[in-house]
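Worksheet: one structure, shown below.
The values are calculated or read from the model by the stated rules, or taken from the named source; none is laboratory data. None of the values given here were measured: they were computed from a predicted structure. Virtual Cβ from ideal backbone geometry, glycine too; neighbours counted across all protein chains shown.
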Ligand code: PRP
């Protein structure tokens, strides 16, 4: 069945979530991407992380989720709905890679938080911890603002690539040293909307 026919059948039957036809629709639409972590597995892990976070904080002291744009957007959107506490969220934007796949070593704040964080329980939400340079920079910056606590939640981490040690409190998956896309992660701005994490079937990419 072609993608258009599958899309039609998908619309007609109003299938949602992780049904077989929903998964096929996505994998057929992006044949160049090999699935590494299926959507269903991500959703299950996000639910676990949400429960763990809800257990560690309280309704009186909920976390302020700080997402690092743009990659963390999808993860943060799902994660906050898995935390049954009155959380708030805010974003920073940090540039480190430009359009390249390899870290430049340069880290720059492009957008600061809208809110004050002094006395707040800050939980930084990242899509991936690679070299660690982005989080190292962000943690140093946020510490100067005296939050009541400062923790890290990352969906993915690649230990083989770490250049600095970052104390991670919550981690979704440890992955091998491969260039991954999907669920917020991009290659030249594309693939962020994939509901799964995948690896591009191209061999000349540097791992990220
Ligand atoms: C990616 C990712 C992390 C950072 C991790 O962001 O979202 O923020 O790299 O890499 P590091 O541990 O080596 O510092 P990127 O700069 O690609 O921007 P994006 O989130 O807009 O895709």
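Worth pointing out:
- Checked against (1) surrounded by 14 or more Cβ atoms within 10 Å (Cβ to Cβ); (2) at pLDDT 95 or above; (3) closer than 22 Å to residue 184 by Cα, residue 150 passes all but condition (3).
- Members of the stretch 133-147 found to be touching a strand residue (DSSP E or B) at 6+ places or on another chain (Cβ under 9 Å) and either under 13 Å from residue 168 (Cα atoms) or surrounded by 14 or more Cβ atoms within 10 Å (Cβ to Cβ) (or both), listed by number: 134, 135, 137, 138, 139, 141, 142, 145, 147
- Hey, residue 192 in contact (Cβ under 8 Å) with a residue 60 or more places away in the chain and in a loop (DSSP other than H, G, I, E, B) or not: yes
- Taking the stretch 151-181 as the range and being within 12 Å of the ligand (Cβ to nearest atom), under 14 Å from the mean Cα position of the chain (by Cα) and outside any loop (DSSP other than H, G, I, E, B) as the test, the residues that pass are 152, 154, 155, 156, 157, 180, 181.
- The listed residue being surrounded by fewer than 17 Cβ atoms within 10 Å (Cβ to Cβ) and in contact (Cβ under 8 Å) with a residue 12 or more places away in the chain, out of 82, 51, 39, 44: 51
- Some residue of the stretch 120-130 being out of contact with any strand residue (DSSP E or B) (no Cβ under 7 Å at 6 or more places or on another chain) and surrounded by fewer than 20 Cβ atoms within 10 Å (Cβ to Cβ): no
- Only one entry of 92, 107 meets the criterion of being in contact with a helix residue (DSSP H, G or I) (Cβ under 8 Å, 6 or more places away or on another chain), near the ligand (Cβ under 9 Å from one of its atoms) and over 24 Å from residue 41 (Cβ atoms), and that entry is 107.
- For residue 141, the stated conditions do not hold, so it cannot be described as assigned to a helix (DSSP H, G or I), within 11 Å of the ligand (Cβ to nearest atom) and at pLDDT 95 or above.
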